[in-house]
1. Can you find, within region B:302-313, the residue that is nearest to the other protein chains (Cβ to nearest Cβ) among those that are of a type outside the set (A, V, I, L, M) and in a helix (DSSP H, G or I)?
2. Mind checking which residues of region B:152-175 are farther than 16 Å from B:Phe77 by Cα and buried (at least 24 other Cβ atoms within 10 Å of the Cβ)?
3. Would you say A:Gln171 is farther than 25 Å from A:Asp33 by Cα and at the interface with another protein chain (Cβ under 9 Å from one of its Cβ atoms)?
4. Among the candidates B:Glu97, B:Glu62, B:Glu91, which residue alone is touching a residue at least 24 places away in the same chain (Cβ under 8 Å) and over 21 Å from B:Ile151 (Cα atoms)?
5. Looking at B:Ser233, B:Ser193, which is the one that is more than 30 Å from B:Leu6 (Cα to Cα), of a type in the set (Gly, Ala, Ser) and touching a residue at least 24 places away in the same chain (Cβ under 8 Å)?
6. Restricting the first residue to region A:48-72 and requiring it to be within 22 Å of B:Ala156 (Cβ to Cβ), which pairs with a second residue that is not in a strand (DSSP E or B) meet a Cβ separation below 6 Å and a spacing of at least six or different chains?
7. Look at region B:41-73 and say how many of its residues are aliphatic (A, V, I, L, M) and under 16 Å from the mean Cα position of the chain (by Cα).
Amino acid sequence: MAEEASHTFLRQFGCEQSLLSKPDGSASYFQGDTNVLSGVYGPAEVKVSKEIYDRATLEVLIQPKVGLPSVRERAREQCVRETCEAVLLSTLHPRSSLTLILQVIHDDGSLLSCCLNAACMALMDAGLPMSCLFCGITCSISVDGQIITDPTAEQEKESRALMTFAIDSAQKGVLMATTKGSFSVTELQECIAVSQKASERIFQFYRDSVFRRYSKIL
Amino acid sequence: MKDAPLSNCERQFLLQAIEQKKRQDGRQTYDYRSIKITFGTEYGCCTVELGKTRVLSQVSCELASPKDSRPTEGLLFTNLELSQMASPAFEPSRQSELLVKLNRQLERCLRNSKCIDMESLCIISGEKVWQIRVDVHVLNYDGNLMDASSIAAITALSHFRRPDVSIQGQDITVHPAAERDPIPLSIYHMPISVSFAFFQQGTYLLVDPCEREERVMDGLLFIAMNKHREICSIQSSGGIMLLKEQVLRCSKIASVKVSEITELIHKALDNDKKVRKEGGKCGFAESMSKERITSLQTVESPVEMTDVQETAREIIHNAETPSETTLSPVLHAVGLGQVGEGVSSGWGVEEDEEDEGMEDQPERAEGSRKGDVVVISDSEEEEVVVLQ
């Protein structure tokens, strides 16, 4: 393990909320050059075939920039949906539908984590009840075993392993994990530890943005 | 999810306002809403905001073989997507009437007007040409999608650069952007669509209708025109009778609007070019308004990793050692084994046989060779039985 590297970086990130007029909640989240736009509709009327009697039905759609959604998008949709279902208090809105649409604007690495962050920001903007917040962190392990958080597309390509974690704000627990490539148990634990540290930055950012948003009203 | 219907009193209110030459947002009859064009970090990517309507356009290219009828021409493919994000009424993967109409009009506006030099996209005649693909995603719907999409599509096409190619005999080399500067498309003119909404059987006319106005209108007229005042396509829908004078008047209004919009597009393109040349930052993140109360940005932030290794070691140290699972292969039948836990497999085993114990399987399997078990074994697999 490279001992000299005591720091890793999160690229410049930011978010704009309520930028679309139609959806109930919307957010555009960027991490470096990666940019995802998200919109949330709901709680709203649900199709009878999709109705669940004791909670809301959550649908997640990821739209690629070029072409139609493929298996890769479906896999990402599932990751995001399962994370959102874990934190949303969907039992408060039984027999209703929640729709989360994510539009990829630009992919420059760490796309899934950007999707997760955009999703959380949009859910916050829509004012949906959640038990806690969540954020997504992507870590890559380079060939020489160094951990890089929030990798760019180039760093992703050169990496030996790539992992994305969704981390909740309450316990800093791992809500969702998806990995690619091979790594050891120690490396996995290290990546989780790094992600938990990095998540503090993002949660602080969430806090700041909410604070800013309501500062002029209070 | 269905869209909320428009109530009768709202409809009446809107129509009355139009009769009095008033519009909800305070515009005049021939006014456009404000247009904002922003470019992404990639070439050929832009968003256009027309009031609250917002569309994203992305141009991409790939090598393809040309049509047999036109072996020296490249291909242009347009695809407009009504994302559910734009309106809950847009259903994914359904060809609605609106979607077909918009796609067809966009195609006529771009392809049939021959605004791009298709022959310059040819690499080897009859074998390899560039196929240019324009994807337009509707992000927010507040009326007049056609104008927004046509502006976005032509702006993205003008912004787009394709990779350079070199040919040696039959070998085509595509040079990445780092090797050779990418080449812009040669665009002859910029067709821009202008929409006119008609009310009360064509008595009243509005330019750039918003969503509510679109809901109460009787008919719609699209005129696609370039700044040289050449009409590229014209289409009337909604089934209203228009007089010759009305169409002529609309084309006059369109020519004014088109020259304004073309100038705006050129200004935006020049601006982006200048920023890129100076090596400044470009992309949507840069154009995000920083003054808005709902937007916030942070700078690049370090994440400390000093005690990460200790934490990881501790967790692994403290973790309970996983219970030793003996990975003994379980043999259900001849030629069928199972390793580890899981639902017991029923492959190749007849239903009534599953209940029987596993111990006696090897012998029984030999007996059942006659036919009721699907046997996919040979002598090697019988050696596996001995392992158990």
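The values are calculated or read from the model by the stated rules, or taken from the named source; none is laboratory data. Quantities reported herein were computed from a predicted structural model and do not represent experimental measurements. Note: ideal-geometry Cβ built from the backbone for every residue, glycine included; neighbour counts use all protein chains shown. Just the protein is used for accessible areas: all its heavy atoms, side chains included, with ligands, DNA and RNA removed. Shrake-Rupley method; radii C 1.70, N 1.55, O 1.52, S 1.80 Å.
1. B:Thr311
2. Within region B:152-175, B:His159 is the sole residue that qualifies.
3. So A:Gln171 fails the test.
4. Residue meeting the stated conditions: B:Glu62.
5. Going through B:Ser233, B:Ser193 in turn, the sole match is B:Ser233.
6. A:Ile62/A:Glu73; A:Ile62/A:Arg76; A:Ile62/A:Glu77; A:Gln63/B:Ser83; A:Pro64/A:Glu73
7. Number satisfying all stated conditions: 4.
Here's the yes/no breakdown for (1) touching a Pro at 6+ places or on another chain (Cβ under 7 Å); (2) in a strand (DSSP E or B); (3) more than 27 Å from B:Leu80 (Cα to Cα):
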| position | (1), (2), (3) |
| --- | --- |
| A:Thr8 | no, yes, yes |
| A:Glu16 | no, yes, no |
| A:Pro23 | no, no, no |
| A:Ser28 | no, yes, no |
